[in-house]
Amino acid sequence: MGMLRVIGGSAKGLRLKHVPGDTTRPITDKVKEALFNILGGEILDVRMLDLFGGTGAVGIEALSRGAREVTFLDSSRLAVKTIRENLAVTHFDGKASVFQVDAFSWLSSQSDPQFDLVYVAPPQYKGLWERAVDIIDRNPRILSDNGQVIVQINPLEWVEKTYPNLRVFDSRKYGDTLLVFLEKSTGE
């Protein structure tokens with residue numbers, strides 16, 4: 001496992017802790033840099049949901065680059081502890097909420113959270129990304145009017161689907177990582 005760090009913004013260069021064990025797969029610097037280059041200025045002042053938080057690296061990178069607030073969810077006690085420690089190191093704990101919960105139950109229970117960005121990077125090869133996107137599609141109020149869902153999976157996991165309330169508008173492949181970008185369908 002390589003060094004985990006913030007690669008841009010106000011916390012650039014700060015090292016982040018890994019979740020003990022092998023239950024998470026932290027995003028590589030290459031993919032993280034590509035993601036935030038794609039988002040560019042769109043990350044400024046957003047409300048973000050980091051659905052399967054892991055180390056918190058993606059949400060923390062967003063905060064470092066100007067996101068207003070990030071909500072982190074993870075069902076693992078060790079991951080939640082690691083996210084909190086990484087938020088303390090980067091001094092972003094005041095802009096974040098961290099919950100040890102089942103992501104699907106939490107998503108299903110939300111009535112009107114209005115996130116600008118939902119990042120979905122679940123454990124691989126379990127179809128969890130599909131389940132999460134299905135729930136968001138059934139409850140599109142989870143997203144703000146211009147909100148986006150970004151799915152990070154292995155390209156082998158991708159299944160082409162049509163959603164009533166969401167549409168894929170971009171996808172990018174970086175080695176064994178696929179980023180898929182969805183937005184609300186027009187005409188909603």
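Look at the Cα gyration tensor of the chain: its axes a ≥ b ≥ c give a/c under 1.5, and that counts as rounded. The length gained on full extension between residue 171 and residue 144, counted as 0.36 nm times the residue separation minus their Cα-Cα distance, comes to 7.6 nm. Estimated from helices alone, the mean residue ellipticity of the chain at 222 nm is -8000 deg cm²/dmol (sum of -39500 (n - 2.57) over DSSP H runs with n ≥ 4, per residue). The angle separating the long axis of helix 128-138 from the principal Cα axis of greatest extent in the chain is about 50 degrees.
May I ask for the distance between the Cα centers of segment 125-188 and segment 103-123, given as a whole number of Å? Centre-to-centre (Cα) distance: 12 Å. Peptides 131-142, 69-80 ordered by packing proxy, namely the average of other Cβ atoms within 10 Å per residue, highest first: 69-80, 131-142. The gain in end-to-end length when the residue 156 to residue 97 segment is fully stretched comes to 18.0 nm, 0.36 nm per residue minus the alpha carbon separation.
With each label modelled as a point 7 angstrom along the Cα→C-beta vector, the residue 131-residue 28 pair spans 2.8 nm.
Which one, 160, 130, 33, has the greatest fluctuation when you compute a Gaussian network model over the chain with C-alpha springs under 10 angstrom? Judging by the Gaussian network model, the answer is 160.
Computed from the coordinates by the stated procedures, all read-outs in this text should not be read as laboratory data. This one's a predicted model, so the numbers in the text were calculated from it and none came from an experiment. Because the Cβ atoms are built from the backbone with ideal geometry, glycine has one as well, and the counts that use them run over all protein chains shown.
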